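The values are calculated or read from the model by the stated rules, or taken from the named source; none is laboratory data. Remember, it's a predicted structure, so these values are computed and weren't measured experimentally. For neighbour counting, all protein chains shown are included, and Cβ atoms are generated from backbone atoms with ideal geometry for every residue, glycine included.
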Amino acid sequence: MSIKKVVILGSTGSIGRATLDVIKKHPGRFDVIALAAYSNAELLAEQCRQFRPRYACLANRNHSDTLRALVNERKTKLLFGEEELVHLTSLNTDIVVNAVVGAAGLRASLATVQNGKTLALANKESLVSGGPLFPEIVKKTGSRILPIDSEHSALWQALSCGKPSEIKRLIITASGGPFRTFPAEKLAEVTPEQALQHPTWKMGSKITIDSATLANKGLEVIEAVALFSVPVERVSVVIHPQSIIHSMVEFIDSSIIAQLSQPDMRLPITYALFWPNRVESDYGQLDLKALHQLTFEQPDMKRFPALRVAFEVARSGGTAPAVFNAANEVAVAGFLRKAIRFTDIADIIFEAVDTIPVVSQPKLDDILDADRQARELAQQIVERNVC
Ligand SMILES: NC(=O)c1ccc[n+]([C@@H]2O[C@H](COP(=O)([O-])OP(=O)(O)OC[C@H]3O[C@@H](n4cnc5c(N)ncnc54)[C@H](OP(=O)(O)O)[C@@H]3O)[C@@H](O)[C@H]2O)c1
(Lines give C-alpha, C1' and ligand atoms only; values in the text may rest on other atoms or scores of the structure.)
Protein backbone atom coordinates (compact mmCIF):
# COMPACT_ATOMS: atom_id res chain seq x y z
CA MET A 1 0.00 0.00 0.00
CA SER A 2 1.24 3.50 -0.81
CA ILE A 3 1.75 6.24 1.76
CA LYS A 4 -1.45 8.24 2.29
CA LYS A 5 -1.20 11.99 2.68
CA VAL A 6 -3.44 13.23 5.49
CA VAL A 7 -4.73 16.60 6.68
CA ILE A 8 -6.27 16.61 10.17
CA LEU A 9 -8.59 19.44 11.18
CA GLY A 10 -9.28 19.50 14.92
CA SER A 11 -6.08 17.57 15.67
CA THR A 12 -5.99 18.67 19.33
CA GLY A 13 -9.42 17.24 20.17
CA SER A 14 -10.45 13.78 21.27
CA ILE A 15 -10.88 12.45 17.70
CA GLY A 16 -7.89 14.38 16.36
CA ARG A 17 -5.62 12.90 19.04
CA ALA A 18 -7.04 9.40 18.45
CA THR A 19 -6.35 9.83 14.70
CA LEU A 20 -2.73 10.76 15.38
CA ASP A 21 -2.48 7.78 17.72
CA VAL A 22 -3.60 5.48 14.88
CA ILE A 23 -1.11 7.12 12.50
CA LYS A 24 1.71 6.66 15.05
CA LYS A 25 0.85 2.95 15.29
CA HIS A 26 1.36 2.56 11.51
CA PRO A 27 4.78 4.05 10.74
CA GLY A 28 5.49 4.60 7.07
CA ARG A 29 1.81 4.43 6.06
CA PHE A 30 0.80 8.09 6.45
CA ASP A 31 2.34 11.45 5.71
CA VAL A 32 0.77 14.16 7.89
CA ILE A 33 0.62 17.18 5.59
CA ALA A 34 -1.23 19.60 7.88
CA LEU A 35 -2.70 19.88 11.35
CA ALA A 36 -5.24 22.43 12.55
CA ALA A 37 -6.88 23.40 15.82
CA TYR A 38 -8.75 26.35 17.28
CA SER A 39 -6.70 27.77 20.14
CA ASN A 40 -4.67 25.01 21.79
CA ALA A 41 -1.27 26.28 20.61
CA GLU A 42 0.71 24.20 23.11
CA LEU A 43 -0.68 20.84 22.03
CA LEU A 44 -0.58 21.79 18.34
CA ALA A 45 3.11 22.70 18.74
CA GLU A 46 3.79 19.37 20.44
CA GLN A 47 2.02 17.55 17.57
CA CYS A 48 4.16 19.53 15.08
CA ARG A 49 7.31 18.30 16.83
CA GLN A 50 6.10 14.69 16.65
CA PHE A 51 4.50 14.55 13.19
CA ARG A 52 6.39 17.30 11.30
CA PRO A 53 3.52 18.54 9.14
CA ARG A 54 4.27 21.02 6.32
CA TYR A 55 1.51 23.30 7.67
CA ALA A 56 -0.09 23.98 11.05
CA CYS A 57 -3.05 26.27 11.49
CA LEU A 58 -4.83 27.87 14.44
CA ALA A 59 -8.30 29.13 13.55
CA ASN A 60 -8.24 31.55 16.49
CA ARG A 61 -5.67 34.26 15.67
CA ASN A 62 -5.46 35.38 19.32
CA HIS A 63 -3.09 32.50 20.03
CA SER A 64 -0.73 33.07 17.09
CA ASP A 65 2.13 34.48 19.20
CA THR A 66 2.15 31.40 21.42
CA LEU A 67 2.28 29.05 18.43
CA ARG A 68 5.02 31.11 16.74
CA ALA A 69 7.12 30.93 19.90
CA LEU A 70 6.81 27.13 20.06
CA VAL A 71 7.14 25.93 16.46
CA ASN A 72 10.17 25.91 14.17
CA GLU A 73 8.77 27.79 11.17
CA ARG A 74 11.50 26.50 8.87
CA LYS A 75 9.99 23.04 9.24
CA THR A 76 6.29 23.87 9.55
CA LYS A 77 4.62 26.86 7.90
CA LEU A 78 2.19 28.49 10.31
CA LEU A 79 -1.21 29.77 9.26
CA PHE A 80 -3.88 31.60 11.23
CA GLY A 81 -7.61 32.18 10.86
CA GLU A 82 -10.69 30.26 9.77
CA GLU A 83 -10.12 30.87 6.04
CA GLU A 84 -6.63 29.37 6.25
CA LEU A 85 -8.02 26.30 8.00
CA VAL A 86 -10.46 25.82 5.12
CA HIS A 87 -7.61 26.32 2.59
CA LEU A 88 -5.79 23.31 4.05
CA THR A 89 -8.37 21.13 2.29
CA SER A 90 -6.97 22.21 -1.09
CA LEU A 91 -3.44 20.94 -0.35
CA ASN A 92 -2.10 17.92 -2.20
CA THR A 93 -3.61 15.31 0.15
CA ASP A 94 -5.40 11.97 -0.17
CA ILE A 95 -7.66 12.36 2.81
CA VAL A 96 -8.95 15.16 5.03
CA VAL A 97 -10.02 14.15 8.54
CA ASN A 98 -12.54 16.68 9.80
CA ALA A 99 -12.56 16.37 13.59
CA VAL A 100 -13.56 19.96 14.32
CA VAL A 101 -16.49 20.25 16.74
CA GLY A 102 -19.70 21.99 15.71
CA ALA A 103 -21.01 23.71 12.60
CA ALA A 104 -17.67 25.57 12.52
CA GLY A 105 -16.54 22.53 10.51
CA LEU A 106 -19.11 23.01 7.72
CA ARG A 107 -17.02 25.16 5.36
CA ALA A 108 -14.05 22.79 5.61
CA SER A 109 -16.24 19.75 4.86
CA LEU A 110 -17.77 21.50 1.86
CA ALA A 111 -14.37 22.67 0.60
CA THR A 112 -12.98 19.14 0.93
CA VAL A 113 -15.67 17.63 -1.28
CA GLN A 114 -15.55 20.62 -3.64
CA ASN A 115 -11.83 19.92 -4.04
CA GLY A 116 -12.68 16.29 -4.90
CA LYS A 117 -10.83 14.97 -1.83
CA THR A 118 -11.83 12.08 0.41
CA LEU A 119 -13.46 13.39 3.58
CA ALA A 120 -13.12 11.23 6.70
CA LEU A 121 -15.87 12.80 8.72
CA ALA A 122 -16.15 12.96 12.48
CA ASN A 123 -17.69 16.44 12.37
CA LYS A 124 -21.29 15.23 12.12
CA GLU A 125 -22.61 18.77 12.59
CA SER A 126 -21.42 19.74 9.09
CA LEU A 127 -23.50 16.98 7.51
CA VAL A 128 -26.45 17.77 9.76
CA SER A 129 -26.44 21.49 8.91
CA GLY A 130 -25.28 21.29 5.33
CA GLY A 131 -26.89 17.95 4.39
CA PRO A 132 -28.81 19.25 1.36
CA LEU A 133 -25.64 20.75 -0.17
CA PHE A 134 -23.40 17.68 -0.28
CA PRO A 135 -25.01 15.23 -2.79
CA GLU A 136 -24.72 17.55 -5.81
CA ILE A 137 -21.11 18.48 -5.05
CA VAL A 138 -20.11 14.88 -4.36
CA LYS A 139 -21.72 13.81 -7.64
CA LYS A 140 -19.87 16.54 -9.56
CA THR A 141 -16.42 16.08 -8.04
CA GLY A 142 -16.46 12.32 -7.34
CA SER A 143 -15.37 12.97 -3.75
CA ARG A 144 -16.18 10.44 -1.02
CA ILE A 145 -17.41 10.93 2.51
CA LEU A 146 -16.18 8.20 4.88
CA PRO A 147 -17.82 8.26 8.30
CA ILE A 148 -15.75 8.18 11.47
CA ASP A 149 -18.69 8.28 13.87
CA SER A 150 -18.76 4.73 15.27
CA GLU A 151 -22.47 4.25 14.53
CA HIS A 152 -22.12 5.36 10.92
CA SER A 153 -18.97 3.31 10.45
CA ALA A 154 -20.96 0.29 11.68
CA LEU A 155 -23.83 1.11 9.30
CA TRP A 156 -21.40 1.62 6.43
CA GLN A 157 -19.82 -1.79 7.06
CA ALA A 158 -23.18 -3.53 7.47
CA LEU A 159 -24.59 -1.88 4.36
CA SER A 160 -22.00 -3.66 2.24
CA CYS A 161 -24.01 -6.87 2.86
CA GLY A 162 -26.91 -5.81 0.63
CA LYS A 163 -28.12 -3.45 -2.10
CA PRO A 164 -29.72 -0.06 -1.32
CA SER A 165 -33.08 -1.43 -2.54
CA GLU A 166 -32.79 -4.28 0.00
CA ILE A 167 -32.52 -2.05 3.09
CA LYS A 168 -35.48 -2.31 5.45
CA ARG A 169 -34.09 -0.02 8.17
CA LEU A 170 -30.98 1.37 9.78
CA ILE A 171 -30.89 0.71 13.52
CA ILE A 172 -28.67 3.19 15.35
CA THR A 173 -27.64 2.13 18.83
CA ALA A 174 -27.30 4.54 21.77
CA SER A 175 -25.76 3.95 25.17
CA GLY A 176 -28.53 6.04 26.72
CA GLY A 177 -25.97 8.30 28.39
CA PRO A 178 -25.46 8.90 32.12
CA PHE A 179 -29.15 9.65 32.82
CA ARG A 180 -30.79 6.63 31.19
CA THR A 181 -32.29 5.49 34.49
CA PHE A 182 -32.08 8.80 36.38
CA PRO A 183 -35.39 10.01 37.90
CA ALA A 184 -36.97 12.17 35.17
CA GLU A 185 -38.18 14.79 37.71
CA LYS A 186 -34.57 15.34 38.85
CA LEU A 187 -33.09 15.94 35.38
CA ALA A 188 -33.52 19.71 35.73
CA GLU A 189 -31.05 19.64 38.64
CA VAL A 190 -28.18 17.72 37.04
CA THR A 191 -24.87 19.55 36.87
CA PRO A 192 -22.39 19.74 33.97
CA GLU A 193 -20.01 17.62 36.09
CA GLN A 194 -22.63 14.83 36.27
CA ALA A 195 -23.56 15.15 32.60
CA LEU A 196 -19.88 14.93 31.58
CA GLN A 197 -19.60 11.42 33.08
CA HIS A 198 -20.39 9.27 30.04
CA PRO A 199 -20.79 5.60 30.97
CA THR A 200 -18.92 4.07 28.01
CA TRP A 201 -17.11 6.69 25.84
CA LYS A 202 -14.42 9.32 26.59
CA MET A 203 -15.11 12.26 24.29
CA GLY A 204 -14.99 16.05 23.98
CA SER A 205 -17.36 18.00 26.24
CA LYS A 206 -19.90 19.06 23.60
CA ILE A 207 -20.60 15.55 22.30
CA THR A 208 -20.64 14.21 25.88
CA ILE A 209 -23.46 16.62 26.81
CA ASP A 210 -25.20 15.77 23.51
CA SER A 211 -25.02 12.12 24.51
CA ALA A 212 -26.61 12.91 27.88
CA THR A 213 -29.57 14.73 26.26
CA LEU A 214 -29.72 12.22 23.33
CA ALA A 215 -29.40 15.24 21.00
CA ASN A 216 -26.29 13.40 19.77
CA LYS A 217 -28.45 10.45 18.70
CA GLY A 218 -30.75 12.93 16.99
CA LEU A 219 -27.78 14.43 15.13
CA GLU A 220 -26.75 10.90 14.16
CA VAL A 221 -30.21 10.11 12.77
CA ILE A 222 -30.01 13.23 10.58
CA GLU A 223 -26.40 12.38 9.66
CA ALA A 224 -27.43 8.84 8.61
CA VAL A 225 -30.21 10.19 6.39
CA ALA A 226 -27.74 12.54 4.66
CA LEU A 227 -24.90 10.03 4.44
CA PHE A 228 -26.76 6.96 3.21
CA SER A 229 -29.69 8.62 1.35
CA VAL A 230 -32.19 6.62 3.37
CA PRO A 231 -35.55 8.23 4.29
CA VAL A 232 -35.87 9.02 8.00
CA GLU A 233 -38.85 6.64 8.23
CA ARG A 234 -36.31 3.85 7.74
CA VAL A 235 -34.05 4.95 10.56
CA SER A 236 -34.66 3.88 14.15
CA VAL A 237 -32.81 4.22 17.45
CA VAL A 238 -32.43 1.54 20.09
CA ILE A 239 -30.85 1.96 23.52
CA HIS A 240 -28.03 -0.51 24.02
CA PRO A 241 -26.29 0.42 27.29
CA GLN A 242 -23.22 -1.81 26.78
CA SER A 243 -22.08 0.08 23.60
CA ILE A 244 -20.81 -3.15 22.05
CA ILE A 245 -23.06 -3.21 18.97
CA HIS A 246 -22.33 0.09 17.24
CA SER A 247 -25.33 -0.07 14.88
CA MET A 248 -27.19 -2.49 12.63
CA VAL A 249 -28.85 -2.74 9.27
CA GLU A 250 -32.00 -4.79 8.79
CA PHE A 251 -32.52 -6.02 5.24
CA ILE A 252 -35.81 -6.94 3.53
CA ASP A 253 -35.27 -10.66 4.21
CA SER A 254 -35.30 -9.77 7.96
CA SER A 255 -31.56 -10.45 8.37
CA ILE A 256 -29.95 -7.95 10.74
CA ILE A 257 -26.23 -7.28 10.22
CA ALA A 258 -24.41 -5.73 13.18
CA GLN A 259 -20.86 -4.51 13.86
CA LEU A 260 -19.44 -5.23 17.33
CA SER A 261 -16.34 -4.17 19.22
CA GLN A 262 -15.32 -2.62 22.52
CA PRO A 263 -16.05 1.11 22.37
CA ASP A 264 -12.81 2.63 21.02
CA MET A 265 -12.92 5.39 18.41
CA ARG A 266 -9.54 4.30 17.03
CA LEU A 267 -11.32 1.37 15.39
CA PRO A 268 -13.66 3.38 13.11
CA ILE A 269 -10.82 5.87 12.53
CA THR A 270 -8.54 3.02 11.38
CA TYR A 271 -11.30 1.67 9.14
CA ALA A 272 -11.76 5.07 7.45
CA LEU A 273 -8.04 5.82 7.13
CA PHE A 274 -7.20 2.46 5.53
CA TRP A 275 -10.43 2.01 3.55
CA PRO A 276 -10.93 0.14 1.20
CA ASN A 277 -8.57 -2.23 3.06
CA ARG A 278 -8.68 -3.63 6.57
CA VAL A 279 -5.51 -3.80 8.61
CA GLU A 280 -4.56 -5.73 11.68
CA SER A 281 -5.27 -3.81 14.84
CA ASP A 282 -5.94 -4.55 18.48
CA TYR A 283 -8.26 -1.62 19.20
CA GLY A 284 -11.66 -2.58 20.49
CA GLN A 285 -10.90 -6.31 20.72
CA LEU A 286 -13.85 -8.17 22.11
CA ASP A 287 -13.81 -11.22 24.34
CA LEU A 288 -17.24 -12.70 23.61
CA LYS A 289 -17.00 -15.05 26.59
CA ALA A 290 -16.61 -12.07 28.92
CA LEU A 291 -19.80 -10.43 27.63
CA HIS A 292 -22.55 -11.25 30.06
CA GLN A 293 -25.41 -9.67 28.19
CA LEU A 294 -26.34 -7.37 25.35
CA THR A 295 -29.57 -5.55 26.13
CA PHE A 296 -31.89 -3.32 24.12
CA GLU A 297 -34.58 -0.81 25.11
CA GLN A 298 -36.82 1.75 23.44
CA PRO A 299 -35.50 5.32 23.87
CA ASP A 300 -37.70 7.37 26.19
CA MET A 301 -38.62 10.35 24.01
CA LYS A 302 -40.50 12.04 26.88
CA ARG A 303 -37.46 12.04 29.11
CA PHE A 304 -35.17 12.96 26.20
CA PRO A 305 -37.31 15.21 23.94
CA ALA A 306 -34.31 16.35 21.86
CA LEU A 307 -34.36 12.98 20.09
CA ARG A 308 -38.06 13.33 19.23
CA VAL A 309 -37.46 16.84 17.84
CA ALA A 310 -34.51 15.52 15.78
CA PHE A 311 -36.78 13.00 14.06
CA GLU A 312 -39.27 15.80 13.29
CA VAL A 313 -36.48 17.99 11.98
CA ALA A 314 -35.14 15.18 9.81
CA ARG A 315 -38.63 14.82 8.30
CA SER A 316 -38.84 18.58 7.65
CA GLY A 317 -35.41 18.66 6.00
CA GLY A 318 -34.13 21.87 4.35
CA THR A 319 -32.76 24.30 6.92
CA ALA A 320 -34.55 22.68 9.91
CA PRO A 321 -31.56 20.46 10.90
CA ALA A 322 -29.24 23.51 10.76
CA VAL A 323 -31.55 25.29 13.22
CA PHE A 324 -31.67 22.23 15.50
CA ASN A 325 -27.90 21.97 15.48
CA ALA A 326 -27.13 25.66 16.03
CA ALA A 327 -29.66 26.04 18.87
CA ASN A 328 -28.23 22.93 20.49
CA GLU A 329 -24.64 24.25 20.25
CA VAL A 330 -25.59 27.51 21.98
CA ALA A 331 -27.69 25.72 24.61
CA VAL A 332 -24.93 23.20 25.40
CA ALA A 333 -22.40 26.03 25.81
CA GLY A 334 -24.89 27.78 28.13
CA PHE A 335 -25.36 24.63 30.20
CA LEU A 336 -21.60 24.02 30.44
CA ARG A 337 -21.08 27.50 31.88
CA LYS A 338 -24.02 26.88 34.26
CA ALA A 339 -26.20 29.62 32.76
CA ILE A 340 -29.13 27.26 32.13
CA ARG A 341 -30.45 23.93 33.38
CA PHE A 342 -29.96 20.58 31.67
CA THR A 343 -33.63 20.38 30.66
CA ASP A 344 -33.49 23.87 29.12
CA ILE A 345 -31.30 22.50 26.32
CA ALA A 346 -34.16 20.59 24.68
CA ASP A 347 -36.59 23.48 25.33
CA ILE A 348 -34.25 25.89 23.55
CA ILE A 349 -33.88 23.56 20.57
CA PHE A 350 -37.64 23.17 20.44
CA GLU A 351 -38.31 26.92 20.56
CA ALA A 352 -35.77 27.60 17.80
CA VAL A 353 -37.14 24.85 15.55
CA ASP A 354 -40.68 26.05 16.21
CA THR A 355 -39.91 29.72 15.51
CA ILE A 356 -37.49 29.84 12.58
CA PRO A 357 -39.12 29.21 9.18
CA VAL A 358 -37.74 26.33 7.10
CA VAL A 359 -36.23 26.93 3.66
CA SER A 360 -36.89 23.64 1.91
CA GLN A 361 -34.25 23.60 -0.84
CA PRO A 362 -31.56 25.73 0.69
CA LYS A 363 -28.36 27.13 -0.75
CA LEU A 364 -25.33 27.65 1.50
CA ASP A 365 -26.44 31.22 2.33
CA ASP A 366 -29.85 29.94 3.49
CA ILE A 367 -28.17 27.42 5.77
CA LEU A 368 -25.76 29.98 7.19
CA ASP A 369 -28.65 32.38 7.71
CA ALA A 370 -30.74 29.71 9.50
CA ASP A 371 -27.72 28.86 11.66
CA ARG A 372 -27.25 32.56 12.53
CA GLN A 373 -30.94 33.10 13.36
CA ALA A 374 -30.98 29.98 15.55
CA ARG A 375 -27.86 31.07 17.42
CA GLU A 376 -29.25 34.56 18.06
CA LEU A 377 -32.58 33.23 19.28
CA ALA A 378 -30.97 30.51 21.42
CA GLN A 379 -28.61 33.08 22.94
CA GLN A 380 -31.54 35.35 23.84
CA ILE A 381 -33.31 32.43 25.52
CA VAL A 382 -30.16 31.45 27.41
CA GLU A 383 -29.84 35.03 28.69
CA ARG A 384 -33.54 35.08 29.62
CA ASN A 385 -33.24 31.76 31.47
CA VAL A 386 -29.97 32.37 33.34
CA CYS A 387 -30.33 30.27 36.49
N1 LIG B 1 -14.99 12.22 20.68
C2 LIG B 1 -15.60 11.19 20.16
O3 LIG B 1 -15.44 10.05 20.62
C4 LIG B 1 -16.49 11.37 18.96
C5 LIG B 1 -17.18 10.28 18.45
C6 LIG B 1 -17.95 10.44 17.31
C7 LIG B 1 -18.04 11.67 16.69
N8 LIG B 1 -17.38 12.73 17.22
C9 LIG B 1 -17.50 14.04 16.57
O10 LIG B 1 -16.20 14.51 16.25
C11 LIG B 1 -16.13 15.93 16.33
C12 LIG B 1 -15.02 16.30 17.31
O13 LIG B 1 -15.38 15.81 18.58
P14 LIG B 1 -14.32 15.75 19.78
O15 LIG B 1 -14.98 15.00 20.86
O16 LIG B 1 -13.00 15.32 19.24
O17 LIG B 1 -14.27 17.31 20.18
P18 LIG B 1 -13.15 18.05 21.04
O19 LIG B 1 -12.37 17.10 21.85
O20 LIG B 1 -13.85 19.16 21.72
O21 LIG B 1 -12.16 18.65 19.92
C22 LIG B 1 -12.61 19.60 19.00
C23 LIG B 1 -11.50 20.01 18.06
O24 LIG B 1 -12.00 21.04 17.19
C25 LIG B 1 -11.20 22.24 17.37
N26 LIG B 1 -12.10 23.38 17.25
C27 LIG B 1 -13.01 23.81 18.16
N28 LIG B 1 -13.67 24.89 17.68
C29 LIG B 1 -13.15 25.14 16.46
C30 LIG B 1 -13.39 26.15 15.48
N31 LIG B 1 -14.30 27.11 15.65
N32 LIG B 1 -12.67 26.11 14.34
C33 LIG B 1 -11.74 25.16 14.15
N34 LIG B 1 -11.45 24.17 15.05
C35 LIG B 1 -12.17 24.18 16.18
C36 LIG B 1 -10.58 22.12 18.73
O37 LIG B 1 -9.40 22.90 18.83
P38 LIG B 1 -8.86 23.39 20.29
O39 LIG B 1 -8.39 22.14 20.98
O40 LIG B 1 -7.74 24.31 19.95
O41 LIG B 1 -10.02 24.04 20.97
C42 LIG B 1 -10.28 20.60 18.77
O43 LIG B 1 -9.14 20.33 18.00
C44 LIG B 1 -17.52 16.37 16.80
O45 LIG B 1 -18.27 16.73 15.69
C46 LIG B 1 -18.12 15.13 17.44
O47 LIG B 1 -19.52 15.09 17.37
C48 LIG B 1 -16.60 12.61 18.34
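Quick check on segment 93-120: of everything there that is in contact with a Phe, Trp or Tyr (Cβ under 9 Å, 6 or more places away or on another chain) and of a type in the set (S, T, Y), which residue is nearest to I209 (Cα to Cα)?
S109
Only residues that are crowded, with 21+ Cβ neighbours inside 10 Å and either among the acidic types (D, E) or away from the ligand (no atom under 12 Å from the Cβ) (or both): list them for segment 34-50, please.
A34, C48
Do we have any residue at all in segment 74-90 that's away from the ligand (no atom under 12 Å from the Cβ) and at pLDDT below 95?
There is at least one residue in segment 74-90 that is away from the ligand (no atom under 12 Å from the Cβ) and at pLDDT below 95.
Can you tell me which residue is modelled with the highest pLDDT among those in segment 377-387 that are surrounded by fewer than 13 Cβ atoms within 10 Å (Cβ to Cβ) and part of a helix (DSSP H, G or I)?
So the first thing to find is which residues in segment 377-387 are surrounded by fewer than 13 Cβ atoms within 10 Å (Cβ to Cβ), and the list is 383-384, 386-387.
Keeping just the survivors that are part of a helix (DSSP H, G or I) gives 383-384.
Values: E383: 94, R384: 89.
Of everything passing the filter in segment 377-387, E383 is modelled with the highest pLDDT.
Could you check segment 112-221 for strands (runs of 3 or more DSSP E) lying wholly inside it with 1 or more residues that are buried (at least 24 other Cβ atoms within 10 Å of the Cβ), over 14 Å from the mean Cα position of the chain (by Cα) and more than 14 Å from the ligand (Cβ to nearest atom)?
Ranges flagged: 167-174.
Which of (1) within 14 Å of the ligand (Cβ to nearest atom); (2) surrounded by fewer than 21 Cβ atoms within 10 Å (Cβ to Cβ) does V96 not meet, given it meets every other one?
Only one criterion in (1) within 14 Å of the ligand (Cβ to nearest atom); (2) surrounded by fewer than 21 Cβ atoms within 10 Å (Cβ to Cβ) is unmet by V96, namely (2).
Of the numbered conditions (1) buried (at least 16 other Cβ atoms within 10 Å of the Cβ); (2) farther than 20 Å from I222 by Cβ; (3) more than 21 Å from the chain's Cα centre (by Cα); (4) aliphatic (A, V, I, L, M), L85 fails exactly one; give the number of that condition.
Condition (3) is where L85 drops out.
Of these, A346, A374, A320, A331, which one is touching a Pro at 6+ places or on another chain (Cβ under 7 Å) and modelled with pLDDT of 95 or more?
That would be A346, the only listed residue that is touching a Pro at 6+ places or on another chain (Cβ under 7 Å) and modelled with pLDDT of 95 or more.
How about segment 328-369: which of its residues are crowded, with 22+ Cβ neighbours inside 10 Å, within 20 Å of the chain's Cα centre (by Cα) and of a type in the set (A, V, I, L, M)?
Once the filter is applied, which keeps residues that are crowded, with 22+ Cβ neighbours inside 10 Å, within 20 Å of the chain's Cα centre (by Cα) and of a type in the set (A, V, I, L, M), segment 328-369 yields V330, A331, V332, I345, A346, I349, I367.
Yes or no, residue by residue, for (1) closer than 19 Å to A226 by Cα; (2) in contact with a helix residue (DSSP H, G or I) (Cβ under 8 Å, 6 or more places away or on another chain); (3) in contact (Cβ under 8 Å) with a residue 12 or more places away in the chain:
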residue: A59; (1), (2), (3): no, yes, yes
residue: H63; (1), (2), (3): no, yes, yes
residue: T66; (1), (2), (3): no, yes, yes
residue: E73; (1), (2), (3): no, no, no
residue: T76; (1), (2), (3): no, yes, yes
residue: L85; (1), (2), (3): no, yes, yes
residue: A104; (1), (2), (3): yes, yes, yes
residue: G116; (1), (2), (3): yes, yes, yes
residue: L121; (1), (2), (3): yes, yes, yes
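Can you tell me how many residues in segment 268-304 are assigned by TED's automatic domain parsing to the domain that holds D366 and within 20 Å of the chain's Cα centre (by Cα)?
Selection size over segment 268-304: 1.
Can you give me the number of residues within segment 1-33 that are within 11 Å of the ligand (Cβ to nearest atom) and assigned to a strand (DSSP E or B)?
2
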